[in-house]
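**Q** Just dropping this structure here.
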Amino acid sequence: MTNTETSTDPELELKKIELETAATELEIKQAELHQKERESEPRSWVATGMRNPLIVGAAIAALATVCASGVTSFSAYHQLQADIRNKQAQVDLERLKAQIQFDLDHTRHEASLITNAVQHGGGNPDQVAENLNFLLQAGLISRPETKEKLQSYLSSRSPGKGASGAVERRN
């Protein structure tokens, strides 16, 4: 048989076509079998869900909500801490103002007592000294500076000399 005879032999051509068809059918059957095997494999919900755009969008929205909640909580916490520090500073300032006002009122009260002791001395320096000594002994003068100055004044004063409380009248 020659080359032209083999290419023109209809039976042989028919067998070739049948073989090619059988090979193609076998490939199709193998592909179908492979597809069935893949479909029968258990799939995770993540793998199937990540292919669905609706599920992906919902997951992103949930993640964004959680992140926004975290940022809001963080911000609220630090704002609360700042408010607490601010309120504490206001309380401390008010406490300091009250203490200063108390000290001022106390100083004014002691000054008033000393002024009254001098004015009620009746023009007699010894009576004024006795009145001032009474204020010291009774504990009515409690500021250390004022006590020291009064004690120094009383110890250095000569009898009959010193503040008398007498007011000179001018004509």
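**Q** What are the ³J(HN,Hα) couplings of the stretch 54-65, residue after residue, when phi is run through the Karplus curve with 6.51, -1.76, 1.60 and θ = phi - 60°? Round to Hz, x for glycine and proline.
**A** These are the phi-based 3J(HN,Hα) values: 5, 5, 4, x, 5, 5, 5, 5, 5, 5, 5, 5 Hz.
**Q** How many nm separate the modelled label positions at T115 and K16, each set 7 Å beyond the Cα in the direction of the Cβ?
**A** Once both label points are built, they end up 13.6 nm from each other.
**Q** Around Q101, under 14 Å between beta carbons, what's the net of Lys plus Arg minus Asp minus Glu among the other residues?
**A** 0
Read-outs: derived from the displayed coordinates by stated rules, not from any lab. Fair warning: this is a prediction, and the values are worked out from it, not measured in the lab. Positions of Cβ are generated from backbone atoms using ideal geometry, with glycine treated the same way; all protein chains shown enter the neighbour counts.
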